[in-house]
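S.K.: Have a look at the structure that comes next, please.
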There are 2 protein chains.
Amino acid sequence: MKPKIEDVAKVAGVSPTTVSRVLNNRGYIGENTRIKVHKAMEQLNYYPNEVARSLFIKKTFLIGLIFPTTSNPFYGQLIFHLENIAATLGYKVLLCNSQGREDKEKNYLNMLQRNQVDGIIAGAHNKGIEEYEIPNLPVVGVDRYLSSKIPVVSSDNYHGGKLATQLLINKGCKNIIHINGPISLETPANLRRKAYEDIMRANQLTPLTYEIDDHFKIIKQLFEENPRVDGIFASDDLIASQVIRQAKERNIDIPTDLKVIGYDGTETTRLLLPELSTVQQPIKEIAEKAIELLVKQMDDKDDAIQLETIIPGKLIEGETTGG
Amino acid sequence: MKPKIEDVAKVAGVSPTTVSRVLNNRGYIGENTRIKVHKAMEQLNYYPNEVARSLFIKKTFLIGLIFPTTSNPFYGQLIFHLENIAATLGYKVLLCNSQGREDKEKNYLNMLQRNQVDGIIAGAHNKGIEEYEIPNLPVVGVDRYLSSKIPVVSSDNYHGGKLATQLLINKGCKNIIHINGPISLETPANLRRKAYEDIMRANQLTPLTYEIDDHFKIIKQLFEENPRVDGIFASDDLIASQVIRQAKERNIDIPTDLKVIGYDGTETTRLLLPELSTVQQPIKEIAEKAIELLVKQMDDKDDAIQLETIIPGKLIEGETTGG
DNA sequence: AACAATATGTCAACCGGTTGACATATGAAA
DNA sequence: TTTCATATGTCAACCGGTTGACATATTGTT
């Protein structure tokens, strides 16, 4: 059986309380005793039972992360940073891949509460949800409005959308189309679209947005319906990549006949598709801010917290928008 | 304060034991009582405290995952599947990004034990380690030998290496170079290299392997030292992508002058770089097998378990190896 | 010598849920 | 009527670590 404090105490020849005191640096402890206790712990291969500890102190140092999927390089990278920063602060991370499914999300939310997490960071779906408003449980949204009371961290989507659209216009594009994910979700990312439409109009151009729900069928359709398209702003790099592929198949030369810009600029995209112009999200900074806001909520309970944090992104010009 | 069983009992007008019985479906429970209890739980917004429960039943339903980073699309996708399958079995997942650093890995291992995880799946570093041999704690390695006693799941690396090398040879390449990660680590992935060298020799060709530790400096060097190279087998798609980029910069036409094949074939690579030939790893199957082996160890304690599981991968021919 | 500060021990309550032992009550079957 | 399956309650121990109260030594200081 796993050794417990009592066993350590016996081996070290001290009382269980003393061991606990050593473990938690409380009260007076002699240097000798400290050493004896540590030796005993080593000898027995003792690991303090955090479950028992958590039960008593009513804190688990667990943070729940709910995101669509680590498969997606954007979330993969974001989650990497979240976990990393959390770890430096002594927090551990429970991973939940909701896959954009409401039922899964609800189950995870339920599970996280049963497991007494100290907080939740979510960048998943929403909709009817006031489900995230949990009394005494700090929550932070990433690129997702979870409720009117829950703080959100996101990149400056409007500015990003503007940068992308303006770049295409500057490069001489006249027929610029925007493609984005399903906008039934009310996310800050929709501001990319809003910026696109604003900038287009400001330049006497007609905005046209395609909403991609599922397949690249939409992209095919886009090309068929708009033979004169000369600029495409995709709301993420993966979609942009599909666009490029489709253009190649139709012998549309990029960037001569068509200029393409994506969004996200993850490490992986930069490596695999370095020629793609994109608006790079400040992923690490988003993660830092999200954790900071979460921890702040956990520490000073009902202090007022910034409800919306917007971090600027960065335009990366690649070959897909021309020299 | 959060409601506890006692509160539920009061509201439902029953005893705490009865509530526990309802919760765990033990003993006799009348339909009426069951409903009353559920209503009370709903009314109070009661969530059973898993921490308390875990303490008593000595099982947390937690699985620790130690991998270099979710940023990498291969691990991202693998971890997605691991979490997913674990969830269907009622297990939760503690995520650890070790970043290939021994110190971090050790800390995580320590942390997971303190948190009483039921098992660990690791695909990280190793080296001096017998550290993973933890009494009574099931462990499974993914593409990593963790110890002589710990089961490993991996794709058929030898076969994959063979497929890749053979393809290049079939396509007429004579000067084929292999690039892989640092092989100081003893991993099943080294079999890709072994296969490459075997096949080369079997075809009266001279194998030449470059070991990439850090940068694409090595790739530059490779091109400079081997102007006649006409085939490159990279041990992962990200490296292959760098090779392609470097070749473009040197105006080496792919596939005419140089054929390139990678390894992994993640969803992300397939989307972003569909033209890349690669050996696709059976990521989902690896995840399934890993969980299966872990759960088997947890269930029938010291049943003999398969020490090495090898799952075949799949050759994907893209344009980078020619028509 | 008196008084602190330091060092350690004993003991019990507590965190929230689980479980087994045992008591009791009801209704139905034998 | 007896007996049994069903239904629920009471009670206490337990999981492993934490904490406060209190006792007792041993130092060192003044």
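S.K.: Facing another protein chain (nearest Cβ under 9 Å), crowded, with 19+ Cβ neighbours inside 10 Å and within 14 Å of DNA strand D (Cβ to nearest atom): which single residue out of A:V37, A:V51, A:V93, A:V19 fits that description?
M.R.: From the options A:V37, A:V51, A:V93, A:V19, the qualifying one is A:V51.
S.K.: What single numbered condition from (1) within 16 Å of DNA strand C (Cβ to nearest atom); (2) within 13 Å of chain B (Cβ to nearest Cβ); (3) assigned to a helix (DSSP H, G or I) fails to hold for A:A9?
M.R.: All conditions are met except number (2).
S.K.: While we're here: Could you say whether any residue in the stretch A:139-159 is within 14 Å of another protein chain (Cβ to nearest Cβ) and surrounded by fewer than 20 Cβ atoms within 10 Å (Cβ to Cβ)?
M.R.: No: zero hits.
S.K.: Would you mention how many residues in the stretch B:261-320 are assigned to a helix (DSSP H, G or I) and either touching a residue at least 12 places away in the same chain (Cβ under 8 Å) or assigned by TED's automatic domain parsing to the domain that holds B:Q166 (or both)?
M.R.: Residues flagged as assigned to a helix (DSSP H, G or I) and either touching a residue at least 12 places away in the same chain (Cβ under 8 Å) or assigned by TED's automatic domain parsing to the domain that holds B:Q166 (or both) within the stretch B:261-320 amount to 22.
S.K.: Another one. Starting from residues that are part of a helix (DSSP H, G or I) and facing chain B (nearest Cβ under 7 Å), keep the ones in the stretch A:67-81 and report whichever is surrounded by the most Cβ atoms within 10 Å (Cβ to Cβ).
M.R.: A:P73
S.K.: Does A:R101 fit the bill of being open to solvent by 20 Å² or more (accessible area, probe 1.4 Å), farther than 20 Å from A:I286 by Cβ and within 17 Å of the chain's Cα centre (by Cα)?
M.R.: So A:R101 fits the description; yes.
S.K.: Restricting to the stretch B:1-15, what's the tally of residues that are open to solvent by less than 60 Å² (accessible area, probe 1.4 Å) and closer than 20 Å to B:R53 by Cα?
M.R.: So the answer is 6.
S.K.: Looking only at the stretch B:263-272, how many residues end up being open to solvent by less than 10 Å² (accessible area, probe 1.4 Å) and within 10 Å of chain A (Cβ to nearest Cβ)?
M.R.: 4
S.K.: Would you please name the residue that is nearest to B:G119 (Cα to Cα), looking only at residues in the stretch B:54-66 that are surrounded by fewer than 24 Cβ atoms within 10 Å (Cβ to Cβ) and in contact with a strand residue (DSSP E or B) (Cβ under 7 Å, 6 or more places away or on another chain)?
M.R.: Only one residue fits best here, namely B:G64.
S.K.: For the stretch B:39-77, which positions are among the small types (G, A, S) and within 30 Å of A:S71 (Cα to Cα)?
M.R.: B:G64, B:S71, B:G76 - these are the residues of the stretch B:39-77 that are among the small types (G, A, S) and within 30 Å of A:S71 (Cα to Cα).
S.K.: Also: Pairs under 9 Å by beta carbon, first residue within 17 Å of A:N180 (Cβ to Cβ) in the stretch A:236-249, partner of a type in the set (F, W, Y) and assigned to a helix (DSSP H, G or I), six or more apart or different chains?
M.R.: As it stands, the answer is A:D236/A:F74; A:D237/A:F74; A:L238/A:F74; A:V243/A:F223; A:Q246/A:F223, since those pairs meet every condition given.
S.K.: All but one of (1) at pLDDT 95 or above; (2) near DNA strand C (Cβ under 9 Å from one of its atoms) hold for B:F74; state the number of the condition that does not hold.
M.R.: Evaluating B:F74 over (1) at pLDDT 95 or above; (2) near DNA strand C (Cβ under 9 Å from one of its atoms) leaves (2) as the failure.
S.K.: Read through the list (1) among the aliphatic types (A, V, I, L, M); (2) assigned to a helix (DSSP H, G or I); (3) open to solvent by less than 70 Å² (accessible area, probe 1.4 Å), then give the number of the only condition that B:I29 fails.
M.R.: Failing condition for B:I29: (2).
S.K.: Here are some residues: B:K36, B:K59. Which one is more than 8 Å from DNA strand C (Cβ to nearest atom), basic (K, R) and assigned to a loop (DSSP other than H, G, I, E, B)?
M.R.: Checking each option against the conditions leaves just B:K59.
S.K.: A follow-up question, please. Restricted to the stretch B:106-120, and to residues that are of a type in the set (D, E, K, R) and touching a helix residue (DSSP H, G or I) at 6+ places or on another chain (Cβ under 6 Å), which residue is least open to solvent (accessible area, probe 1.4 Å)?
M.R.: B:D118
S.K.: Something else about it: For the stretch B:86-126, which positions are under 25 Å from A:E42 (Cα atoms) and among the basic types (K, R)?
M.R.: Within the stretch B:86-126, B:R101, B:K104, B:K106, B:R114 qualify.
S.K.: Hey, can you tell me all the residues within the stretch B:273-285 that are surrounded by fewer than 21 Cβ atoms within 10 Å (Cβ to Cβ) and more than 19 Å from B:V142 (Cβ to Cβ)?
M.R.: Scanning the stretch B:273-285 gives B:P274, B:E275.
S.K.: Would you say A:N84 is assigned to a helix (DSSP H, G or I), away from DNA strand D (no atom under 15 Å from the Cβ), of a type outside the set (V, I, T) and closer than 19 Å to A:I291 by Cα?
M.R.: So A:N84 fits the description; yes.
The values are calculated or read from the model by the stated rules, or taken from the named source; none is laboratory data. Everything numeric here is computed off the predicted structure, so don't read it as measured data. All Cβ positions, even for glycine, are placed from backbone atoms using ideal geometry, and neighbour counts span all protein chains on display. Keep in mind that these areas ignore ligands, DNA and RNA; they rest on the heavy atoms of the full protein, side chains included. Shrake-Rupley method; radii C 1.70, N 1.55, O 1.52, S 1.80 Å.
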